[in-house]
Every structure is written in C-alpha cells, then in structure tokens.
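Derivation of every value follows stated rules applied to the coordinates shown; laboratory data play no part. A quick note: this is a predicted structure, and the numbers were derived from the prediction, not measured. Glycine gets a Cβ as well: all are built from the backbone with ideal geometry, and neighbour counts include every protein chain shown.
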Amino acid sequence: MSLTATGIRAGYRGHSVLDDVSLSIGAGETVGLRGPSGSGKSTLVRVLALLHTPDAGHVSLDGDRIDGARHRVPADVRTRIAVLFQSPRAAADPRLSLADLIAEPLRALRRPREHVAGRVAELADRAGLTADLLTRRPHAVSDGQLQRACLARSLAHEPRYLLCDEATTMLDASTQALVATVITEQQQRTGMGVLLVSHDPALLARRADRTEDLPTPPASVR
Amino acid sequence: MTLLQIDGLSVRFRLRDAVVQAVTDLTLSVRPGELLAVVGESGCGKSVLAHALFGLLPRNAEVTGRALMGEVDVLRCGEKRLAREIRGRRLGLVPQSPATALTPVRTGRSLLAETLRAHRRDPGLADTVAADAGLDAHALDRYPFELSGGMAQRLVTALALASDPPLLIADEPTTGLDRPLVDHTLDLLRRRCDNGGAVLLITHDLAAAERVADTVAVMYASRIVEHRPAPDVFAAPAHPYTAALLDALPDRAFTPIPGHPPMLTALPPGCAFAARCPRADTACASRPGGPVACHHPLVSEAVA
Ligand SMILES: Nc1ncnc2c1ncn2[C@@H]1O[C@H](COP(=O)(O)OP(=O)(O)OP(=O)(O)O)[C@@H](O)[C@H]1O
Ligand code: SF4
Ligand SMILES: [Mg+2]
C-alpha cells in the first residue's frame, strides 16, 4: 500500500519545474521532503494530490494507476488523499464558519447529522480550537487558528494519505508540537501515510522516518 | 527618543454573542536601531497588534489607548492621514498572508514599480529592491499565482521595503523560506536596524528571534507577559509561559504546552496562564503585574 509518483515531469506556462522525479509514501510512514526554494516541492505535492496533471510520468494510489487530475478522478479516490497547504487563507472558503469548514467533507460523504456534529467537536478539540472559535468565519480568527481548522478538516474523513506542504511553518513551537501529536495519533490509529514538506531540519529529524531531497533549480527560478 | 510609543493599547472585537479581547493594555516602545521580536502562541493577538497600528482592523473592532509616532497617534489620526503620512512613509508592513495580499492580475514588477513611484522613488529600482529581499529579477515577471509560497513571501517583503520606511512591522516574514533565505531575510532586517531604522518582528521562530532581536516581548492571551533583552529571555526565561514555549521547540522537548490557551471571549480575572502553569497557586487568582507578569517568576532578579 502506497501513494507513488513515478518519473514525473511537470511545470507551468512552458517552464519545467520537475524532471523525472519519483517519490513513494507507504501506509503508516512519514516521509520528509526538502529542497531549496523553487525546487518544485509544492508542485510535487499537487501532482500527488491529483490536483495537477503531470506532463510525463504517473501517480498510483494503493496499486491503482490514476490518470488525469481534479474532477477527472472519482471523488472517492480523490478523498483518500488530503492536503494541508502553506497558506490557510488561500485554501479556506471565506463564507463558511470554522465548524462548517471542518464538516464539509463529512457532509459531502453524506454522513448522518449527529455523526458530523460529534466528529466536528472532537476534531476541533484535538486541534486545540476552543468552542468560541467554531462559529466564526475565517476573517475573524488568526492564521494559526485557521490552519488548525484546515487540519481538522483534512483528518475528518480519515484519508489514507496526508500531504503537508510547509503546513506548520507559521505556527509557534507549542502549536507545531500539538499538530505533530494529532497527526501521529491519527497515523497510529488508521495507518495513514504522511508527506512532510519542510525547511526545518529539526522538525524533519524529529518526525520523518526518512527524508528525500529535490535538486536545486537553475538560479533563474529561485 | 522613540519611533513608536504604544500606551495601554487594547483591541476588542464585538461579535453577535460575545466580545473577543484580542489585545489587552499593551505598552511597548521601539527606538531607532532596535529590533523588537514579538513572540507567542497562535491566536494570542500578534497580528491584531500589527493591524491596529496600520489601521487595518475591521469595523467591529474597538480600539483604546495610544500609539504615538512623533506627534501623530496612529490609532486616532484617521484614514486620510494614515494613508498620506504614515503607511509606507513612516511605517511599513509585511503582512502574514502573502498569498492573499497580492493582486492576482498584476506581475510583481508592476506592483513594485507602482509602489516605488508612489513614494517618489525610481521605478527602475524594482530589481534591486527585489534582490534585497532575496528575490531574483526573473520572478518579478510572473503573476502571483505562478509564484511559490516562498517567492510570494519575498515579493511582499520587497513591496514593504520599496518605500524604505523608518519602522517596519514584519509579520512572520520568513514563512516558507529555506534556511539560507531565512538567514538572508533576518540579516536584511538586522541591517535596517544597524542603519538607524527599526523593526518590529512578529515571529513564531524563536531561533530567529534569538539570532537578531535586541529585545523580546512574549505575548500570551492578549497580554505581554515578559519583555526583556533577548539574550536574557533565551538564557533564563522568567515567565513560566516563556519557559514552556522554549521547551516546545523541535530541538528541545517538542512537547506541546498541556491544555489550550483560554478563550479570549472569557478571560479569567487572574493570571491567564494559571490553568496550564506548573507553578500556579492561590496567589495566581489575582492578576500579576510588572515587567514579568507572574507571581512566581523563574528568575527573580528580572522582576526588580
Ligand atoms: N475580526 C475578528 N473578529 C473577532 N475575533 C478576531 C478577529 N480577528 C482576530 N480575532 C481573534 O483575535 C485573536 C488574536 O488574533 P491574531 O490574528 O492577532 O493572532 P496571532 O497572534 O497573530 O496568531 P497566529 O500566530 O496564529 O497568526 C485571535 O484569538 C482571533 O481569533
Ligand atoms: S502568575 Fe502564577 S499561574 Fe501565572 S504564570 Fe506566574 S506562577 Fe504561573
Ligand atoms: Mg498572526
């Protein structure tokens, strides 16, 4: 069981970012990914999350080769992979309350209402969000609070793989440690595989089972 | 002499069914040449402090206290005067969320040239200002959505530098940068201070604060709980909260502080850290005061 990218080439508007890159995340495993700024870490995350179609190479999920990206992939396949992005402001729908934000994936899977309410309360508490924050919309909470709501949301439907793209860089040390604990617990319980993109050597040393490097890009794109 | 003197600043947000006490009775000053780091747990009020000074708070915010830059109280002087005399000219801001701070339909170069022009500087300086922020000139021709998170971060830093303000507030300016670029940014901020400017650096990165800050203000649940010279804070934290925060670092114990910070809609009357503090006793039911807001500080000299 693994989420695997093989021989990926990908880029934007003609400039190539990744060339023949392969990476695999096993069930229950925590893989670190590092590389200098501009080396394509986020692009690789988007490819693995089935949000970006590579120009060459392919992704396979637990043995099945996936073709295409986004809406071309069936929802029940896409939701097996969750992503936590660097900027929660860009990722969160500004019209939803934090409680609705966390509940959305569960509602999309048509879980019963009481189940959803209970699960939202439990996840919010694990992510260190106090009750007063749950009725607020994103503009009325801090960046770190919003990121923790995104974390709760990403864990709500128990994904098989969680991809964290510099997801804790804006959090203070204590909150970072809390997020790590929450993710590790879920991993132990469900066997979720985790990709951890980070520039922080101390964090990677602490959490990753192994760490992969992306090569330095040509100077012109740094 | 001070560049900025904040006295008794409080910010409350009125919500339908509650009041959020985001900043409480905050007093700080920044003098030329000083790099002041503000650190503290997520949600403790750091960005609200920055937004209050920059006049960016939403309409449901209630602000009391004073924040003087020279003769001007930036909390009271009104939007017109802020726009004309303060923002960019005397006070710059690197916002925390670069992804949303950038206009999506303009390239970095056009944003940067416009800011330079608005401040009567040569728009041809765009490449130089970007390079100062560690951003390669090639990246300026891209649209914001084509930039990596780290590039967008350096672009908003460059935009704040473009007007060359004497006081710069930088809210998590190293987010998403790799080590060499983090160091580049920190050195840049330090250099501004060494050349007579000043920087208020909001950061979660305690190692960064230790490296460049002259003074550190630690915030907890809307208040400053410890404000001392940086070397002292790191060598011998005086407030139990500061000590716990340092211990949570990945190269130290990496344990979260037990429990949650209190809800800012229902702050306790006594010490707000009491529920999580190993040193708490009955005295802590009343609010501690002083430069270290604690009844039982870890370093007693600090209180004197
Ligand atoms: N518009 C608003 N209405 C109500 N509450 C708000 C509003 N904006 C912020 N808050 C609250 O004010 C408190 C301080 O927020 P602030 O953004 O300053 O935190 P921060 O210290 O910058 O946190 P982080 O490290 O996560 O960025 C938070 O508890 C937040 O929920
Ligand atoms: S005042 Fe009491 S509870 Fe608060 S930090 Fe000091 S010892 Fe702990
Ligand atoms: Mg903030």
I want to check the label-to-label distance for A:ASP76 and B:GLU114. Put each point 7 Å from Cα in the C-beta direction and report it in nm to one decimal. 4.8
Counting only the backbone N, which residues of the stretch B:40-77 are under 13 Å from the spot 7 Å out from the Cα of B:SER29 toward its beta-carbon? B:68-70
Putting +1 on Lys and Arg Cβ atoms and -1 on Asp and Glu Cβ atoms, find which of A:PRO94, A:HIS157, A:ILE183 reaches farthest to the positive end of the dipole of chain A. A:PRO94
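Any number yet on Rg/Rh for the stretch B:203-304, C-alpha, Kirkwood? Could you put the intermediate results ahead of the total?
Numbers: Rg = 13.3 Å, Rh = 14.1 Å.
Looking at the stretch B:203-304, the ratio lands at 0.94.
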Mean-square fluctuation maximum in Gaussian network of chain B, Cα pairs under 10 Å, restricted to B:ASP214, B:ASP171, B:ASP251, hits B:ASP251
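Looking at the stretch A:109-222 from every direction and averaging, what is the projected area of its Cα convex hull in nm²? Intermediate results must be reported in sequence, preceding the final value.
Working: hull surface 37.4 nm².
Seen from a random direction, the Cα hull of the stretch A:109-222 projects 9.3 nm² on average.
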On the Cα set of the stretch B:1-149, report Rg and Dmax in Å, please. 17.5, 52
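Return the ratio Rg/(2.2 N^0.38 Å) for the stretch B:105-241, where Rg is computed over Cα atoms only.
Numbers: Rg = 16.5 Å, N = 137, 2.2 N^0.38 = 14.3 Å.
Cα Rg divided by the expected 2.2 N^0.38 Å: 1.16.
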Mind checking the full-extension length gain between B:GLU146 and B:ARG279? Use 0.36 nm per residue of separation minus the Cα-Cα distance, one decimal, nm. 42.9 nm
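Charges at C-beta only: +1 for Lys and Arg, -1 for Asp and Glu. How large is the resulting dipole of the protein assembly as shown about its Cα centre, in Debye rounded to 20?
Taking the Cα centre of the protein assembly as shown as origin, the dipole is about 1420 debye.
Given axes a ≥ b ≥ c from the Cα gyration tensor, I'd like to know whether the stretch A:1-94 is rounded (a/c under 1.5), prolate (a/b larger than b/c) or oblate. Kindly include the intermediate steps, with their values, before the conclusion.
Working: a/c = 1.22, a/b = 1.05, b/c = 1.17.
Verdict is rounded for the stretch A:1-94.
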Separation between Cα centres of the stretch A:86-127 and the stretch B:75-117, rounded to whole Å: 34
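Go ahead and estimate [θ] at 222 nm for chain B from helices alone: -39,500 (n - 2.57) per DSSP H run with n ≥ 4, summed, over the residue count, rounded to 500. Provide the component values of the computation, followed by the final result.
On the way: 9 runs with 81 residues, N = 304.
About -7500 deg cm²/dmol.
Charges at C-beta only: +1 for Lys and Arg, -1 for Asp and Glu. How large is the resulting dipole of the stretch B:1-40 about its Cα centre, in Debye rounded to 20?
Numbers: 4 positive and 4 negative charges, 34 e Å.
For this selection, approximately 160 debye.
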Point-to-point label distance, B:THR2-A:ASP125, nm (Cα→Cβ direction, 7 Å offset): 4.4
Name all residues of the stretch B:15-34 having a backbone nitrogen under 17 Å from the label point set 7 Å from the Cα of A:THR135 along its Cα→Cβ direction, giving them as ranges. B:15-21
Whose amide H sits under 5 Å from the amide H of A:VAL83, counting only residues 5 or more places off or on another chain, with H placed in the peptide plane? A:LEU163
Taking amide H positions as placed 1.01 Å from N in the peptide plane, with prolines and chain starts having none, which residues 5 or more places from B:GLU226, or on another chain, fall under 5 Å of its amide H? B:VAL218, B:ALA293
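Once you have the Kirkwood Rh of the protein assembly as shown from its Cα pairs, apply Stokes-Einstein at 4 °C and 1.567 mPa s and quote D in µm²/s. List each step's numbers first, then the result.
Working: Rh = 23.9 Å.
For the chosen part, D equals 54 µm²/s.
Over chain A, what number does the Rg to Rh ratio reach, with both radii from the alpha-carbon atoms and Rh per Kirkwood? Show your work: numbers first, answer last.
Numbers: Rg = 17.1 Å, Rh = 17.9 Å.
Taking Rh as the inverse mean 1/r over Cα pairs, Rg/Rh reads 0.96.
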Simple SL model, points at 7 angstrom along Cα→Cβ for A:ASP19 and B:ASP17; separation in nm is 5.8
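Once you wrap a convex hull around the alpha carbon atoms of the stretch A:72-148, what is its projected area averaged over all directions, in nm²? Write out the running numbers ahead of the final one.
On the way: hull surface 22.5 nm².
If you wrap the Cα atoms of the stretch A:72-148 in a convex hull and average its projections, you get 5.6 nm².
Between B:ARG121 and B:ASP136, 0.36 nm times their residue separation minus their Cα-Cα distance comes to what? Before the final figure, lay out each step's value.
On the way: separation 15, 0.36 × 15 = 5.40 nm, distance 2.01 nm.
Fully extending the segment from B:ARG121 to B:ASP136 adds 3.4 nm.
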Could you tell me, in Å, what Rg and Dmax come out for the Cα atoms of chain B? 19.6, 63
